[in-house]
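One structure is given here, and the rest of the page talks about it.
The values are calculated or read from the model by the stated rules, or taken from the named source; none is laboratory data. These numbers come from a predicted model, not from an experiment. Cβ placement follows ideal geometry from the backbone for every residue including glycine, while neighbour counts extend to all protein chains displayed.
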């Protein structure tokens, strides 16, 4: 964008924002203004670059060994340690416990059409509602998690209803300023 055009766009935005609400209409600018103040700036939103970076950071851990209560590449990871380590790089401070992580963020439908990369998949075993495992959704029906059975961090398809791991809930902990008004953070 050229400098004169950018200056013109800023002035137009300021002039429009200064008008009374009744004259703002229903266009894209009105929709932008109706979202309210955004702490990351008026045009900020979670970009594909953020989710791509998150998936890339999670994939960098593939093959690292599984180790109970560990949360670093050099020591290894358990499931919640991996999630904590990956999301910490994006400013999300999570507890090192799958059941406690399951209480954070916003619930998301467990349908793969509603999932976004970075959503946390919470699992239990058998008929119990107890959360005992967590993974990171990376897209295309796949997740990355620290597998106790494979003794390492792996990328796998989301377990199907017949498997020993039962999907109990999905949580969205990444802040998405474009949907904050609708309850997703």
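Within segment 72-95, the residues that satisfy the criterion of being farther than 20 Å from residue 142 by Cα and out of contact with any strand residue (DSSP E or B) (no Cβ under 6 Å at 6 or more places or on another chain) are 72, 73, 74, 75, 88, 89, 90, 91, 92, 93, 94, 95.
Would you check if there is a residue in segment 48-56 being within 18 Å of residue 173 (Cβ to Cβ) and outside any helix (DSSP H, G or I)? Scanning segment 48-56 turns up no residue that is within 18 Å of residue 173 (Cβ to Cβ) and outside any helix (DSSP H, G or I).
The rows are residues; the columns are (1) assigned by TED's automatic domain parsing to the domain that holds residue 84; (2) buried (at least 19 other Cβ atoms within 10 Å of the Cβ); (3) more than 15 Å from the chain's Cα centre (by Cα); (4) in contact (Cβ under 8 Å) with a residue 24 or more places away in the chain.
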position: 107; (1), (2), (3), (4): yes, no, no, yes
position: 125; (1), (2), (3), (4): yes, no, yes, yes
position: 134; (1), (2), (3), (4): yes, yes, no, yes
position: 142; (1), (2), (3), (4): yes, no, no, no
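Quick one: count up the residues across segment 148-174 that are touching a residue at least 60 places away in the same chain (Cβ under 8 Å) and closer than 24 Å to residue 70 by Cβ. So the answer is 11.
Taking residue 62 as the residue in question, decide whether it is outside any helix (DSSP H, G or I), in the same structural domain as residue 117 (by TED's automatic domain parsing) and at pLDDT 95 or above. The answer is yes for residue 62.
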